[in-house]
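Inspection log for the structure reproduced underneath, given as structure tokens.
The values are calculated or read from the model by the stated rules, or taken from the named source; none is laboratory data. Not measured: the values here are computed from a predicted model. Cβ coordinates were reconstructed from backbone atoms using ideal geometry, including for glycine residues, and neighbour counts include every protein chain displayed. Surface areas here come from the heavy atoms of the whole protein model, side chains and all, with no ligands, DNA or RNA. Shrake-Rupley method; radii C 1.70, N 1.55, O 1.52, S 1.80 Å.
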Amino acid sequence: QVQLVESGGGLVQAGGSLRLSCAASGRTFSSYVTGWFRQAPGKEREFVAAIRWSVGSTYYADSVKGRFTISRDNAKNTVYLQMNNLKPEDTAVYYCAATSTIVIVTTSRKYDYWGQGTQVTVSS
């Protein structure tokens, strides 16, 4: 069993930055893919970014490519999402998720474990 706890959300002005953290407990991430998803009011949950823990390979949604960076800290069993040049359309609840697949997947139903979410609000 894996427990995921997100932190780092908040209110920021457009053009600003935030760093989200996802701390895992219960099992190490070494054989997992960890992803970030987001869900805005009235919209479906969408993929943001993912990292393959063992080799560090990453994948991003086109909407965040070049602005967001996903990374991991093996010692802390934590995944980060650095978000720069934030836009009002980035406003959403951001969720961390994990799956034991060996390749990066972008479909939310492929992920087995989810955090509780953290709110990110970007004002214009």
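Short version: ³J(HN,Hα) in whole Hz for each residue of segment 41-55, in order, from phi by Karplus 6.51 cos²θ - 1.76 cosθ + 1.60 (θ = phi - 60°), x for Gly and Pro, what are they?
Taking θ as phi minus 60°, the curve returns x, x, 10, 6, 5, 10, 5, 10, 6, 8, 9, 8, 4, 5, 10 Hz for segment 41-55.
Between residue 71 and residue 121, what is the spin-label point distance in nm, taking each point 7 Å from the Cα along the Cα→C-beta axis?
Between residue 71 and residue 121, the simple spin-label model gives 2.9 nm.
Rule-of-thumb check for segment 4-46: C-alpha Rg over 2.2 N^0.38 Å?
That ratio works out to 1.46.
Pop a pseudo-label 7 angstrom from the Cα along the beta-carbon direction at both residue 54 and residue 7 and give the gap in nm to one decimal.
Label at residue 54, label at residue 7, 3.0 nm between them.
What are the trypsin sites (Lys or Arg not before Pro) within segment 29-115 that DSSP puts in a loop, where the Cβ has at most 13 other Cβ atoms within 10 Å?
43, 65, 76
What translational D, rounded to a whole number of µm²/s, comes out for segment 14-110 from Stokes-Einstein when the hydrodynamic radius is the Kirkwood one over Cα pairs, at 37 °C and 0.692 mPa s?
It diffuses with D of about 242 µm²/s by this estimate.
In a GNM of the chain with a 10 Å cut-off on Cα contacts, which of 13, 39, 82 has the highest mean-square fluctuation?
Per the Cα network of the chain with a 10 Å cutoff, 13 tops the list.
If you take every DSSP beta bridge fully contained in the chain, what fraction is antiparallel? Give it as a percent rounded to 5.
Taking every DSSP beta bridge within the chain, about 90 percent pair in antiparallel fashion.
Tally up the carbon and sulfur contribution to the accessible surface of the chain as a whole percent, 1.4 Å probe, everything protein left in place.
Carbon plus sulfur share of accessible area: 46 percent.
Averaged per residue, what accessible area in Å² does the chain show with a 1.4 Å probe, protein chains only?
Here the per-residue accessible area is 50 Å².
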